[in-house]
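Chemist: Here's a structure for you.
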């Protein structure tokens, strides 16, 4: 589960990590009022940011720095009145319903900071870079030496000497080192306490020197959090932060039906039982020149109704030009899948090529069912094995 930036900033603030003050608003008038409140506190710059679960906001024009209430009105009107289109949204863009209005800061230097699981080493890891900002992905690809990684002990956590060493390597000096190290330790602790899959501050900034802070302040001005769905039952406060409007509609529909579904960018719909087999199916589709439209694992306890719903979800995607069914029947019996295929043909209809490969429990009965229903499913073709199925569907889709 993901949350919005304004919610992530609140979690950081509650954990003692410095964050500029700000509030979430949902109307243009509220954005103007919050801007006026911040400006009246002596701040000269305010940032207005769209709250969506997608990156590329700045380049898309959905992050604006304003100095007056009229500039805030113009920025809020644009953001709430237009769909945001970036490299992470697709050409259709996404609707903006919420804005973060926050105090701006005078930035001396930007950094990147995150905690996530290093699956290769099997340990939670602090990731840091002195080259934070919107191009961090490019930095990681073109200059991997600029990315520092430190393993976090599962019992001791991120220790002070580790955090101070990383802060020094990032270029912090003097009292800045203690501030940066404190942020790192608090972020690592927060990651564990919240059962997070990712906590990210980008950018972590060093502000310009002021009379009150002659060496500057280390602050988080943008944050991203992701959580392990399997642990959310332990965090009612996080459950309440979930925004259903940001969910992929097909993925939400699949979750309600008890299906594991991930929307992808291809044109070959895949219906498989078992996560490992589903991954292998997608791999072999790619091997034969195809492009999967989804990951879909119906699992072992799926019913005919839930599998039929899976077909509805796949066929409801206009990008899908062919469907590959790959079932190795164990707990999930082949005749259940065959019945769902027939049911889906009656309710939805297969207007695109359908390739079916079945093996395992009740496979003979399933094949008879499909053969008897062949007139109802004229686009269906059967395959002898997985390689044959992948070749057939890729050829059919072209």
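Chemist: Under the condition of being surrounded by 16 or more Cβ atoms within 10 Å (Cβ to Cβ) and not in a loop (DSSP other than H, G, I, E, B), which residue from segment 42-68 is farthest from the chain's Cα centre (by Cα)?
Modeler: Here the residue is 66.
Chemist: Give the number of residues within segment 167-186 that are closer than 15 Å to residue 208 by Cβ and surrounded by 15 or more Cβ atoms within 10 Å (Cβ to Cβ).
Modeler: 3
Chemist: To continue, here is another question. Out of the residues in segment 214-243 meeting the condition of being within 15 Å of the chain's Cα centre (by Cα) and closer than 20 Å to residue 57 by Cα, tell me which one is surrounded by the most Cβ atoms within 10 Å (Cβ to Cβ).
Modeler: 223
Chemist: Another question, if that's okay. Name the one entry in 393, 397, 352, 320 that is closer than 18 Å to residue 259 by Cβ, at pLDDT 90 or above and in contact with a strand residue (DSSP E or B) (Cβ under 7 Å, 6 or more places away or on another chain).
Modeler: Being closer than 18 Å to residue 259 by Cβ, at pLDDT 90 or above and in contact with a strand residue (DSSP E or B) (Cβ under 7 Å, 6 or more places away or on another chain) holds for just one of 393, 397, 352, 320, which is 320.
Chemist: A further question follows. Go through 209, 203 for me and flag whichever is assigned to a loop (DSSP other than H, G, I, E, B), modelled with pLDDT of 90 or more and not assigned by TED's automatic domain parsing to the domain that holds residue 315.
Modeler: 209
Chemist: State all residues of segment 150-200 that are assigned to a loop (DSSP other than H, G, I, E, B) and over 28 Å from the mean Cα position of the chain (by Cα); if no residue qualifies, say none.
Modeler: 155, 156, 159, 171, 172, 173, 174
Chemist: A further question on this structure: Only one residue in 296, 277 is over 21 Å from residue 197 (Cβ atoms), free of Cβ contacts under 8 Å to residues at least 60 places away in the same chain, buried (at least 17 other Cβ atoms within 10 Å of the Cβ) and more than 16 Å from the chain's Cα centre (by Cα). Which one?
Modeler: Just one listed residue meets the conditions, 296.
Chemist: Name the residue, out of 325, 355, that is in contact with a helix residue (DSSP H, G or I) (Cβ under 6 Å, 6 or more places away or on another chain), assigned to a strand (DSSP E or B) and assigned by TED's automatic domain parsing to the domain that holds residue 293.
Modeler: 355
Chemist: Here is a follow-up. Name, by its number, the condition in (1) in contact with a strand residue (DSSP E or B) (Cβ under 8 Å, 6 or more places away or on another chain); (2) assigned to a helix (DSSP H, G or I); (3) more than 26 Å from residue 89 (Cβ to Cβ) that does not hold for residue 369.
Modeler: (1)
Chemist: Checking residue 7 against (1) in the same structural domain as residue 241 (by TED's automatic domain parsing); (2) at positive phi, only one condition comes out false. Which one?
Modeler: (2)
Chemist: Looking at segment 244-259, which of the residues that are surrounded by fewer than 15 Cβ atoms within 10 Å (Cβ to Cβ) and without any contact (Cβ under 8 Å) to a residue 40 or more places away in the chain is farthest from residue 90 (Cα to Cα)?
Modeler: Once the filter is applied, the top-ranked residue is 256.
Chemist: Against the definition (surrounded by 15 or more Cβ atoms within 10 Å (Cβ to Cβ) and either under 30 Å from residue 234 (Cβ atoms) or not assigned by TED's automatic domain parsing to the domain that holds residue 205 (or both)), how does residue 22 come out, yes or no?
Modeler: The answer is yes for residue 22.
Chemist: Take residue 362 and tell me if it is farther than 27 Å from residue 248 by Cα and in contact (Cβ under 8 Å) with a residue 12 or more places away in the chain.
Modeler: Yes, satisfied.
The values are calculated or read from the model by the stated rules, or taken from the named source; none is laboratory data. Computed from a predicted structure; not experimentally measured. Heads up, the Cβs are rebuilt from the backbone with ideal geometry, glycines too, and the neighbour counts pull from every protein chain shown.
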